[in-house]
Amino acid sequence: SSSSSSSSSSSSSAPPPHPTLHPLHPPVHPAPPHSPPPRVSTVGYHVRLDPKVTRHTRLTFCTTGVLLRRLTVDQDLSHVTHVIVDEVHERAVASDLLLAVLKDLVWRRRREWEAWKEREGWRGGGGEGGKGGGGRRKGGG
């Protein structure tokens, strides 16, 4: 009985190999430098004077008033790719104003995009109504 306990203690004294160092498991790569550190939320909110966002925030829920205030500082919403307006059916003055400003912004961005494509020599390649989007550069195969 003592020999069986010594054999089991000798086999359990050595830790099992680390799974990432095992030849059958791929190595673990560190997170890319643009990734947020672990346990940092990429979702935040901004309500009146209570912003809960960090430099890692990628999705921000905010009120209509906060977005209108931001538009006074950055008319192009230069670091914003998408805006979803909720509760617009309530027809508040702030919501109507926001929709008008966003409509103007969408048209302005579209004109800038079309001008950029023309300057860079892009040709239409399908997309929305055959008017660009998914195109290729002229002479680029």
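What do you reckon, is Leu49 among the hydrophobic types (A, V, I, L, M, F, W, C), modelled with pLDDT under 55 and over 22 Å from the mean Cα position of the chain (by Cα)? Criteria not met by Leu49.
Among the criteria (1) modelled with pLDDT under 90; (2) not in a helix (DSSP H, G or I), the one Gly129 does not fulfil is (2).
Confirm whether Thr57 is in contact with a Lys or Arg (Cβ under 6 Å, 6 or more places away or on another chain) and modelled with pLDDT under 90.
So Thr57 does not fit the description; no.
Report whether or not Pro36 is open to solvent by 60 Å² or more (accessible area, probe 1.4 Å) and either at pLDDT below 90 or not in a helix (DSSP H, G or I) (or both). The answer is no for Pro36. Note on the range 50-89: residues that are in a loop (DSSP other than H, G, I, E, B) and open to solvent by 100 Å² or more (accessible area, probe 1.4 Å) amount to 8.
The values are calculated or read from the model by the stated rules, or taken from the named source; none is laboratory data. The structure displayed is predicted, hence computed values, not measured ones. Cβ atoms come from the backbone with ideal geometry, glycine included; neighbour counts cover every protein chain shown. Surface areas here come from the heavy atoms of the whole protein model, side chains and all, with no ligands, DNA or RNA. Shrake-Rupley method; radii C 1.70, N 1.55, O 1.52, S 1.80 Å.
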